[in-house]
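All remarks here apply to the structure that follows.
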Amino acid sequence: MERDIEILKKREEQKKEKYQTLEDGIYLDGRILNFERKVVLNTFTMLIPDTMKQMPKEYARIKYPSEFRPQQIFTTSDLDVNMGFTVFSKQIQQEDRMELLQQMQETVYRANQDGKQNACVLLKQVSGGYFTFRSYIMDSDLFQMMALITVGEWLIQGNFHCVYSEHIKWKRIVLLMLETIQILEKEEDTDKI
């Protein structure tokens, strides 16, 4: 029995080592999470888990009661892991973008002074940055990430959240996903969501 458990653990470790990229899939919670390039807001594309679907508007209104909710939200079937995007058609300089990201962070901090916040960090493959913070809701803690990315003439605001206990698994995956953002080419299929 003990030997069987050891063999199963070894198999799990081998899968974790083998599936570590968005292209091959990422081993997460006993299964391989596959990714596909999806069109977001008819503006850009990025690799998103094939299990994440667009959140229906009626759920979005409940989960994000503010009128300032993201324009498009992708979610898991249990609605626990969410990634939202809003696009602004204003090109800004890199210095302005980081200043804007820091202003967003200050605003979040003023609204959520109990939460733990981390410094703004530049992304490597795309022009942008992000910050993370921990916030509290009635029955659990949330891990949240906010990002600002420029691509072409667009400024993309992205946000991600999941329950805090899951954040170590998801943070690396979300950062890899953000690095795959590409401007939507005219000939690409804009009906793909």
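The values are calculated or read from the model by the stated rules, or taken from the named source; none is laboratory data. Keep in mind the model is a prediction, meaning the values are calculated, not measured. Don't worry about glycine lacking a Cβ; one is built from the backbone with ideal geometry, like all the others, and counts go over all protein chains shown. For the accessible areas, the whole protein counts, side chains as well, though only heavy atoms, and no ligand, DNA or RNA atoms are used. Shrake-Rupley method; radii C 1.70, N 1.55, O 1.52, S 1.80 Å.
Some observations on this one:
- Size of electric dipole in region 1-141: Cβ of Lys, Arg +1 and of Asp, Glu -1, about Cα centre, debye, nearest 20: 300
- Only Lys, Arg (+1) and Asp, Glu (-1) charged, at Cβ; region 68-182 dipole about Cα centre in debye: 160
- Rounded to the nearest 10 Å², the accessible area of Leu33 at probe 1.4 Å: 0
- Sequence of Met138, Met145 when ordered by accessible area, the most exposed leading, probe 1.4 angstrom: Met138, Met145
- Asp50 accessible area, 1.4 Å probe, all protein chains in place, Å² to nearest 10: 50
- Entries of Lys9/Lys171; Lys9/Lys63; Lys57/Lys124; Lys16/Lys124; Lys18/Lys63 with Cα pairs more than 26 Å apart: Lys9/Lys63; Lys57/Lys124; Lys18/Lys63
- Heavy atoms of Phe88 accessible to a 1.4 Å probe, total area in Å² rounded to 10: 90
- Order of exposure, largest accessible area first, which applies to Arg11, Arg172, Arg3 with probe 1.4 Å: Arg3, Arg11, Arg172
- If only the Cβ of Lys and Arg carry +1 and only the Cβ of Asp and Glu carry -1, the dipole of region 125-189 around its Cα centre is close to 400 debye.
- Highest-MSF residue in the chain out of Asn159, Asn118, Asn34 [GNM, Cα springs under 10 Å]: Asn118
- Backbone geometry of region 125-142 corresponds, through the Karplus equation with coefficients 6.51, -1.76 and 1.60 at θ = phi - 60°, to 3J(HN,Hα) couplings of 8, 10, 7, x, x, 8, 9, 10, 7, 10, 10, 10, 10, 3, 10, 6, 9, 10 Hz, x marking Gly and Pro.
- Angle between the chain longest axis and helix 2-18 axis [Cα atoms, degrees, rounded to 10]: 30
- Taking the chain as a Gaussian network of alpha-carbon nodes connected by springs under 10 Å, the highest mean-square fluctuation of the residues Gln72, Gln125, Gln182 belongs to Gln125.
- With contacts taken as Cα pairs under 8 Å and at least 6 residues apart, the chain reaches a relative contact order of 20 percent.
- In degrees, nearest ten, helix 167-178 long axis to first principal axis of the chain (Cα): 50
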